[in-house]
Structure formats: structure tokens, C-alpha cells
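The structure under discussion appears below in the form of C-alpha cells.
The values are calculated or read from the model by the stated rules, or taken from the named source; none is laboratory data. Note that this is a predicted model, so its numbers are computed, not measured. Quick reminder, even Gly has a Cβ in these numbers, built from the backbone with ideal geometry, and neighbours come from all protein chains shown.
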Amino acid sequence: MTHALNTPDSGKSSKALYGGTSSRRITVRDIAAAKQRGEKWPMLTAYDAMTASVFDEAGIPVMLVGDSMGNCHLGYDSTVPVTLDQVTMLSAAVVRGTKRALIVGDMPFGSYQEGAVQALRSATRLMKEAGVGAVKLEGGERSAHQIELLVNSGIPVMAHIGLTPQSVNAYGGYPVQGRGEEAAQQLLRDAKAVQDAGAFAVVLELVPAELSAEVTRILHIPTVGIGAGVECDAQVLVWTDMAGMTAGRLPRFVKQYARMREVLGDAAKAFAEDVVAGAYPAEEHSFH
């Protein structure tokens, strides 16, 4: 497999997460070093081996097997129904499809809320059965105990604060988080709590840009923004949103970099028309 990042960019360090020359797996130590260098880096979701291999060849250094699979891969209307079995199966596929990226397995709703022991059991399964290099879980102060036990057990944890989609029923939707003095102070407490618990990075979702900039400044671990402004150390998008596969209205923070839904639809129509017209299979596609 030829990796795009095997061609050095004269403007980037060989140690860079994106555009570097190393072909080994990215680790949490590399993530920490990028923060020290002031290097920004991209993260995308992935849910299958083929798509993950494309992103790996493109040099994406971190991939999240997100519970967003519920919305864009499994047909649910939220992330809540996603099970640990489903995340484990798809995480294993993404690991098999990649050689360099750090793969982070999302811990779905119901897999860690009971407490630290349940969290350890669930995260251990993702590490052993799927082969992920880290896990992600939602919650700040309320999840600090779980994060601390996982980290002390040798499991790297990416935290997730701000808008936490697994709490959609409690929020009554997907509102921006951290607006107002009290909410901003709570988000700062959450950020410090997950850092103190040992998280190697923290996702900030739907957080005002000014507040995300402050969090990024005060933390020594990287912040990963999604709808959280440009000052975060990294940015993540759901790949189907990024590539234009998602139908309907998109969140304000999404930028579409392709129109893959349109391209795939055109290909399907062209195939169908060839079959109906008797043009496929042609002689060169047939055996005698």
C-alpha cells in the first residue's frame, strides 16, 4: 500500500502527524508531541475497512470509529441505540483496513455509565477484540472516575465534552453548550477534570469558539473541535458529512469537500441504464 505521507512535504517535519514520513502506527505520545509543537491535525470517522484504507492512504493520522455510525451507517435517528457489539465489529474492520492511523473506538451509550468497573470491562473488550489504540467516552466531571481507572489500567482515553450526543434525550436536541457564565465555568471544570483524570485528548463539540480557544490555551492535552472554532488543536468531522454523502440539512459547522452522494448515484444510474439497454455486460466482460 502506498501512503500519501510517504512523500515528504518540505514544509513539514518528518514527525508531523499529517504529512510526516513515519509509517508506524500513530500513538498517544505522538499526539502529545504535536501539541508541544503547536501542530494542528485532522481526524475523521470511519466505519469499515475500505473507507478507512482510503483515509489511511490520504495520511489521516487519527480515525474515530464513532457511535455516529448509528445515524450515518446503521439507520438509527440517534447514537443511543448503538451497541458495544456493533462498535467492536466495525472497529476491528477499521483496524484491519489501516496501517498508520491511531484508531479510537467509541464507547456507546450504556457501556460505561454504570461506573468504572463497567467502563473497564467495555474498554478492555474494544482493545482486545477490535485492536483499537484508544477509546473515547462522553462526559466531563461525571466521567472522570471512569477515565482515571481506564488510564491506570493502560487504556488511553479521549474524552468528549460540550455537546454529548448520547445525552440527546436529556438536552431535548443538540444545543450549543457553554453559553453564559455558569455554563462556561462548568465546561472549564469538565475540561480540567478529564485532563486531571489522564485523558490524552478531549473533543469539544458545539462550543462557542472563544470558550474553545480558552480551553485549548489552558490545557496541556490537545483539544479536538467539532463545531468549536478554529483555535482547537485538531478538527474532526463525520466522514459522510465531509464527503457529501449525507442527505438533508447539515449542521452549520460542516464543510462538504466532495459530492460523493451525487457521484455514487450517477454511477448506479449509469449501471442500471446499461443493464436495461442490454449494453452491459459487453463482449469484453463475457466468457466463452
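Take the residues in region 167-179 that are farther than 19 Å from GLY110 by Cα and surrounded by 10 or more Cβ atoms within 10 Å (Cβ to Cβ), then tell me which one is modelled with the lowest pLDDT.
Out of the qualifying residues, it is TYR174.
What single numbered condition from (1) surrounded by fewer than 17 Cβ atoms within 10 Å (Cβ to Cβ); (2) part of a loop (DSSP other than H, G, I, E, B) fails to hold for GLN36?
Of the numbered conditions (1) surrounded by fewer than 17 Cβ atoms within 10 Å (Cβ to Cβ); (2) part of a loop (DSSP other than H, G, I, E, B), the odd one out for GLN36 is (2).
When you check ALA184 against the structure, is it at pLDDT 95 or above, over 17 Å from ILE221 (Cα atoms) and touching a Leu at 6+ places or on another chain (Cβ under 8 Å), yes or no? Steps first, answer last, please.
Numbers: at pLDDT 95 or above: yes; over 17 Å from ILE221 (Cα atoms): yes; touching a Leu at 6+ places or on another chain (Cβ under 8 Å): yes.
Answer is yes for this residue.
How many of the residues making up region 231-253 are in contact with a helix residue (DSSP H, G or I) (Cβ under 7 Å, 6 or more places away or on another chain) and within 23 Å of LEU102 (Cβ to Cβ)?
Here is the first cut: in region 231-253, the ones in contact with a helix residue (DSSP H, G or I) (Cβ under 7 Å, 6 or more places away or on another chain) are 231-233, 238-240, 243-247, 250.
Retained after the next criterion (residues that are within 23 Å of LEU102 (Cβ to Cβ)): 231-233, 238-240, 243.
Selection size over region 231-253: 7.
Identify, from the list LEU74, LEU84, LEU64, the residue that is closer than 15 Å to VAL95 by Cβ and assigned by TED's automatic domain parsing to the domain that holds GLY110. Before you say what the answer is, go through the steps one by one.
Details: LEU74 fails: closer than 15 Å to VAL95 by Cβ; LEU84 fails: closer than 15 Å to VAL95 by Cβ.
Within the list LEU74, LEU84, LEU64, the selection yields LEU64.
Residue check, HIS220 against (1) over 20 Å from the mean Cα position of the chain (by Cα); (2) in the same structural domain as ASN71 (by TED's automatic domain parsing); (3) without any contact (Cβ under 8 Å) to a residue 40 or more places away in the chain, all met but one. Which one?
Tallying (1) over 20 Å from the mean Cα position of the chain (by Cα); (2) in the same structural domain as ASN71 (by TED's automatic domain parsing); (3) without any contact (Cβ under 8 Å) to a residue 40 or more places away in the chain, HIS220 fails exactly one: (3).
Filter region 269-279 down to the residues that are assigned to a helix (DSSP H, G or I) and loosely packed, with under 10 Cβ neighbours inside 10 Å and list them by number.
Pass one, region 269-279, residues assigned to a helix (DSSP H, G or I): 269-277.
VAL276, ALA277 - these are the residues of region 269-279 that are assigned to a helix (DSSP H, G or I) and loosely packed, with under 10 Cβ neighbours inside 10 Å.
Output the helices (runs of 4 or more DSSP H) that fall wholly within region 181-258 and possess 3 or more residues being surrounded by fewer than 18 Cβ atoms within 10 Å (Cβ to Cβ), or say none. Break it down stepwise before answering.
On the way: elements: 181-197, 209-218, 239-242.
It comes to 181-197, 209-218.
Restricting region 125-166 to residues that are at pLDDT 95 or above and hydroxyl-bearing (Ser, Thr, Tyr), which is farthest from ASP196 (Cα to Cα)?
Among those residues, the one meeting the criterion is SER153.
Just the residues that are over 13 Å from the mean Cα position of the chain (by Cα), hydrophobic (A, V, I, L, M, F, W, C) and more than 19 Å from MET127 (Cβ to Cβ), please, taken from region 27-52.
Those that are over 13 Å from the mean Cα position of the chain (by Cα), hydrophobic (A, V, I, L, M, F, W, C) and more than 19 Å from MET127 (Cβ to Cβ): ALA32, ALA33, ALA34, MET50.
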